[in-house]
Amino acid sequence: MQHVGDDKMIVNAARVSFGGDNLAPLSGKDERLLRYLLRHQHGSPFEHNLITFKVVCPIFVDRQMVRHRSGVSKNEISGRYVEMQERNFMPPAFRRQAPSNRQASVEDDGTLDQAAATHIWEEAWRAAYGAYQALLTLGVTREQARGVLPQSLYTESYYTFNVRSLLHFIGLRDHEGAQYETRQFARAMAQLAEPLFPVTFREWRALHAGE
Ligand SMILES: Cc1cc2nc3c(=O)[nH]c(=O)nc-3n(C[C@H](O)[C@H](O)[C@H](O)COP(=O)(O)OP(=O)(O)OC[C@H]3O[C@@H](n4cnc5c(N)ncnc54)[C@H](O)[C@@H]3O)c2cc1C
């Protein structure tokens, strides 16, 4: 991970409108300004910074991440250039479909046959990855052969956010409504970014507490 900027940079971007930007350490007044900006949705001062993550995640997680368009840059490994490695996400535990919310899941209450589910998942992966290898051995091009690989395959990307787009992403994806697996990535990204912009995150969390 790498980053540019800090809480002070956000304050200075806001203060430049009245010529008040400065190099002094972050003051109590600056912290109150950050709170004000967040509460009143003055978003642009939060865009003058960059946070780059290397994200190695299953394709089904990446498909959700890539929906975040504003203030987000991405470069991803290409299955046309390279042979995809044998990296399969295996859920540590399977969940049931939620009875009321059609896109949500609920913890296993002990009635799900976890061993059978694991076996089916592993067999499907083995068959798919084996087919991929077999197609390559036949001489089929990588860009076509990858079509048989499942969504549990790991992909890897550089994602760059600014603080505004990152907070928006975390708000939507580190949330109980988001898929559990995607939430783990959003939470890890928040944990990495929070020490870099501690006052912004503290005030943003206070604003959204209980949501
Ligand atoms: C729990 C959950 C379930 C979801 N389920 C589905 C689903 O079933 N199917 C599905 O297709 N997607 C689904 N999504 C994706 C969702 O619809 C958004 O595409 C995704 O969350 C990105 O949010 P966003 O558009 O606000 O972010 P960004 O693309 O980063 O945009 C940030 C903000 O910029 C503004 N903006 C960006 N683009 C435009 C534009 N073209 N016009 C006007 N304003 C714009 C908006 O204010 C937007 O909130 C789901 C997301 C979540 C969190």
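The values are calculated or read from the model by the stated rules, or taken from the named source; none is laboratory data. None of these values were measured; they are calculated from a predicted model. Because the Cβ atoms are built from the backbone with ideal geometry, glycine has one as well, and the counts that use them run over all protein chains shown.
Okay, residues lined up against (1) under 30 Å from residue 10 (Cβ atoms); (2) under 27 Å from the mean Cα position of the chain (by Cα); (3) among the β-branched types (Val, Ile, Thr):
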| residue | (1), (2), (3) |
| --- | --- |
| 49 | yes, yes, no |
| 60 | no, yes, no |
| 77 | no, yes, yes |
| 84 | no, yes, no |
| 100 | no, yes, no |
| 104 | no, yes, no |
| 119 | no, no, no |
| 124 | no, yes, no |
| 135 | no, no, no |
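Cβ contacts < 6 Å: first residue under 17 Å from residue 63 (Cβ atoms), restricted to the range 170-191; second residue within 8 Å of the ligand (Cβ to nearest atom) and outside any loop (DSSP other than H, G, I, E, B), any location; separation 6+ or different chain. Result?
Final answer for the pair search is 182/64; 182/173; 186/173.
Test residue 167 against the criterion of being within 30 Å of residue 203 (Cβ to Cβ) and in contact with a helix residue (DSSP H, G or I) (Cβ under 7 Å, 6 or more places away or on another chain), and give yes or no. So that I can check it myself, show each step before the final result.
Values: within 30 Å of residue 203 (Cβ to Cβ): yes; in contact with a helix residue (DSSP H, G or I) (Cβ under 7 Å, 6 or more places away or on another chain): yes.
So residue 167 fits the description; yes.
Please go through (1) exposed (fewer than 13 other Cβ atoms within 10 Å of the Cβ); (2) assigned by TED's automatic domain parsing to the domain that holds residue 184; (3) touching a residue at least 60 places away in the same chain (Cβ under 8 Å) for residue 40 and return the number of the only condition it doesn't satisfy.
Unmet condition: (3).
Within the range 1-29, can you find the residues that are assigned to a helix (DSSP H, G or I) and more than 29 Å from the chain's Cα centre (by Cα)?
Of the residues in the range 1-29, the ones assigned to a helix (DSSP H, G or I) are 7-18, 28-29.
If the condition is that a residue be assigned to a helix (DSSP H, G or I) and more than 29 Å from the chain's Cα centre (by Cα), then 15, 16, 17, 18, 28, 29 are the ones that fit.
Report, by residue number, each residue of the range 156-179 that is touching a strand residue (DSSP E or B) at 6+ places or on another chain (Cβ under 8 Å) and surrounded by 20 or more Cβ atoms within 10 Å (Cβ to Cβ).
Residues satisfying the conditions are 159, 161, 162, 163, 165, 166, 169.
Find the helices (runs of 4 or more DSSP H) located wholly in the range 156-211 whose residues include 2 or more that are more than 16 Å from the ligand (Cβ to nearest atom) and assigned by TED's automatic domain parsing to the domain that holds residue 7, and list them. Show your work before the answer.
Working: elements: 163-173, 180-193, 198-208.
By residue number, 180-193, 198-208.
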